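> Sharing a structure, written as structure tokens. Questions coming.
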Amino acid sequence: MKITAVHGSMRKGNTYALTKEILNRFSKTSDVEIIEICVADLNLPFCCSCHICFSKGEENCPHYDITHKVKDALANSDGVILSGTTYMWALNAAMKNFLDHFAYLFHRPEFFGKRGMIVATSAGTGEKNVAKYLKTVMGQWGINGAMIVTQNTKERKLMSNNAGLTAKYVKKIDNMAERFYSILKSKQQISPSLKNMAVHNSFRAMSLGEFAESKRDTQFWSREGFVDKSYPVKVGLFKSIIGTLVFSSVNNLAKFIGKSYIKN
Ligand SMILES: Cc1cc2nc3c(=O)[nH]c(=O)nc-3n(C[C@H](O)[C@H](O)[C@H](O)COP(=O)(O)O)c2cc1C
């Protein structure tokens, strides 16, 4: 099994250390291969807002020579770990810029069935906002039910003493890594949140015909066989009904707007 971890901070500081604590557990397991990507090492320019990934495809991105290697690593992984830190109660800009380069995956989600983990730190407050945002991103990529590990300075102080990490903290990290490993091993499908279900079905509706933002989206949804399903992995009846309702509402709205537009 492969796990790709994206280290989102510009320095090898608190977020990196916490992510490494978790990764060290997996490196002791012979059937796990770990790939690490440091955003700081990528020298990735800012997303320049050309929108070409949406309209013509991600391979036309001016930074594709950098992004395609990352994308391949993520696509070939069973598990994905995204880490980020808190700047002014939000995700740090370097990691946000990294994620912006994969915004097309909101339109054309490809990562169904992968498992996710999120690591976020702060000095005191805001790490939960960051974790929540990263979880939303993963959900839109198709990675459901990501596990969350957060830590702030106070917790960091509590978790170590002169002898190193406290036994309680070591146990916490051990449990977390064990849980992630067992989720990775079990091929059990994880159901999306209602929010992800609704957004997925909005994009599903928007992928259709002349109302699609781009032919690229239309081709993708049809080629993947996603148009006929309320969600690509198994979901319960309630979520399926919500998905279908959102799909038909957005579809009808798109038709209405399209017709009015043509009339005028
Ligand atoms: C520009 C900047 C803004 C920050 N904003 C916050 C903040 O809003 N809330 C907070 O608790 N910590 C804030 N911090 C502290 C960092 O989130 C904290 O030290 C974090 O663990 C650093 O992660 P790193 O060591 O992986 O770089 C900020 C730090 C910087 C450099």
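The values are calculated or read from the model by the stated rules, or taken from the named source; none is laboratory data. Note that the coordinates shown come from a computational prediction; the quantities given were computed from them, not determined experimentally. A quick note on method: Cβ atoms are made from the backbone with ideal geometry, for glycine too, and the neighbour counts reach across all protein chains shown. Surface accessibility is based on the protein's heavy atoms, side chains included, excluding ligands, DNA and RNA. Shrake-Rupley method; radii C 1.70, N 1.55, O 1.52, S 1.80 Å.
> For residue 7, state whether it is closer than 25 Å to residue 120 by Cβ and either under 19 Å from the mean Cα position of the chain (by Cα) or in contact (Cβ under 8 Å) with a residue 24 or more places away in the chain (or both).
yes
Conditions tested, residue by residue: (1) hydrophobic (A, V, I, L, M, F, W, C); (2) surrounded by 13 or more Cβ atoms within 10 Å (Cβ to Cβ); (3) out of contact with any helix residue (DSSP H, G or I) (no Cβ under 9 Å at 6 or more places or on another chain).
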| site | (1), (2), (3) |
| --- | --- |
| 4 | no, yes, no |
| 22 | yes, yes, no |
| 25 | no, yes, no |
| 38 | yes, yes, no |
| 41 | no, no, yes |
| 48 | yes, no, yes |
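> Name the helices (runs of 4 or more DSSP H) wholly inside the stretch 121-224 in which the number of residues that are over 16 Å from residue 82 (Cα atoms) is 1 or more.
153-159, 167-185, 194-206, 215-223
> Quick check on this structure: which one of 159, 138 is in contact with a Leu (Cβ under 8 Å, 6 or more places away or on another chain), open to solvent by 10 Å² or more (accessible area, probe 1.4 Å) and on the phi < 0 side of the Ramachandran plot? Don't jump to the end; show me each part of the working.
On the way: 138 fails: open to solvent by 10 Å² or more (accessible area, probe 1.4 Å).
Answer to the selection: 159.
> If you don't mind, another one. Answer yes or no: is there a residue in the stretch 68-75 that is open to solvent by less than 60 Å² (accessible area, probe 1.4 Å) and either within 15 Å of the ligand (Cβ to nearest atom) or of a type in the set (Lys, Arg) (or both).
Within the stretch 68-75, one or more residues are open to solvent by less than 60 Å² (accessible area, probe 1.4 Å) and either within 15 Å of the ligand (Cβ to nearest atom) or of a type in the set (Lys, Arg) (or both).
> Report, by residue number, each residue of the stretch 103-127 that is of a type outside the set (Gly, Ala, Ser), within 16 Å of the ligand (Cβ to nearest atom) and open to solvent by 20 Å² or more (accessible area, probe 1.4 Å).
If the condition is that a residue be of a type outside the set (Gly, Ala, Ser), within 16 Å of the ligand (Cβ to nearest atom) and open to solvent by 20 Å² or more (accessible area, probe 1.4 Å), then 125 is the only one that fits.
> If I go through the stretch 165-186 residue by residue, how many of them are open to solvent by 100 Å² or more (accessible area, probe 1.4 Å), within 20 Å of the chain's Cα centre (by Cα) and touching a residue at least 40 places away in the same chain (Cβ under 8 Å)?
Qualifying residue count for the region: 1.
> Identify all residues within the stretch 11-41 that are among the hydroxyl-bearing types (Ser, Thr, Tyr) and over 18 Å from residue 84 (Cα atoms); write none if there are none.
27, 29, 30
> Restrict the check to the stretch 80-89 and report whether at least one residue is farther than 17 Å from residue 16 by Cα, within 16 Å of the ligand (Cβ to nearest atom) and open to solvent by 10 Å² or more (accessible area, probe 1.4 Å). Before you say what the answer is, go through the steps one by one.
Filtering the stretch 80-89 for residues farther than 17 Å from residue 16 by Cα gives 88-89.
Cutting the leftovers down to within 16 Å of the ligand (Cβ to nearest atom) gives us 88-89.
Still in the running and open to solvent by 10 Å² or more (accessible area, probe 1.4 Å): 88-89.
Within the stretch 80-89, one or more residues are farther than 17 Å from residue 16 by Cα, within 16 Å of the ligand (Cβ to nearest atom) and open to solvent by 10 Å² or more (accessible area, probe 1.4 Å).
> Considering only residues that are touching a Cys at 6+ places or on another chain (Cβ under 7 Å) and away from the ligand (no atom under 16 Å from the Cβ), look in the stretch 92-102 and name the one that is most open to solvent (accessible area, probe 1.4 Å).
100
> Continuing with this model, one more query. Which of the residues spanning the stretch 103-122 are modelled with pLDDT of 95 or more and either of a type in the set (Gly, Ala, Ser) or touching a Cys at 6+ places or on another chain (Cβ under 7 Å) (or both)?
103, 104, 116, 120, 122
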